[in-house]
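Where a number appears in this text, it was derived from the coordinates with a stated rule and is not lab data. Everything quoted here is computed from the prediction, not taken from an experiment. Positions of Cβ are generated from backbone atoms using ideal geometry, with glycine treated the same way; all protein chains shown enter the neighbour counts.
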Amino acid sequence: MNLPVVPFGKPRGERADALRNRERLLRTAREMIDEQGTQKVTMDALADRAGLGKGTVFRR
């Protein structure tokens, strides 16, 4: 029998560093798209230009 998982308490808010990273990624992605178009933007290039790890790109 598989019972649903029910979280307890309030959901956590976004950490300040996670918020900064998300905003940095969005800003960087917009710049890259404006300069190169969507076909040229890769996850690796976005992570490199934003100065963040590729895992952060996937999480945010």
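Might you check whether a residue that is more than 18 Å from the chain's Cα centre (by Cα) and at negative phi occurs anywhere in the range 26-33? Lay out the reasoning, then the answer.
Narrowing the range 26-33 to residues more than 18 Å from the chain's Cα centre (by Cα): none.
Within the range 26-33 (the criterion being more than 18 Å from the chain's Cα centre (by Cα) and at negative phi), the answer is no, since none of the residues qualifies.
Picking from Arg24, Arg49, Arg20, Arg60, which residue would you name as being surrounded by 10 or more Cβ atoms within 10 Å (Cβ to Cβ) and in contact with a Ser or Thr (Cβ under 6 Å, 6 or more places away or on another chain)? So that I can check it myself, show each step before the final result.
Details: Arg24 fails: in contact with a Ser or Thr (Cβ under 6 Å, 6 or more places away or on another chain); Arg20 fails: in contact with a Ser or Thr (Cβ under 6 Å, 6 or more places away or on another chain); Arg60 fails: in contact with a Ser or Thr (Cβ under 6 Å, 6 or more places away or on another chain).
Checking each option against the conditions leaves just Arg49.
Within the range 37-44, does at least one residue satisfy the condition of being among the hydroxyl-bearing types (Ser, Thr, Tyr) and surrounded by 14 or more Cβ atoms within 10 Å (Cβ to Cβ)?
Of the residues in the range 37-44, the ones among the hydroxyl-bearing types (Ser, Thr, Tyr) are 38, 42.
Narrowing further to those that are surrounded by 14 or more Cβ atoms within 10 Å (Cβ to Cβ): none.
No.
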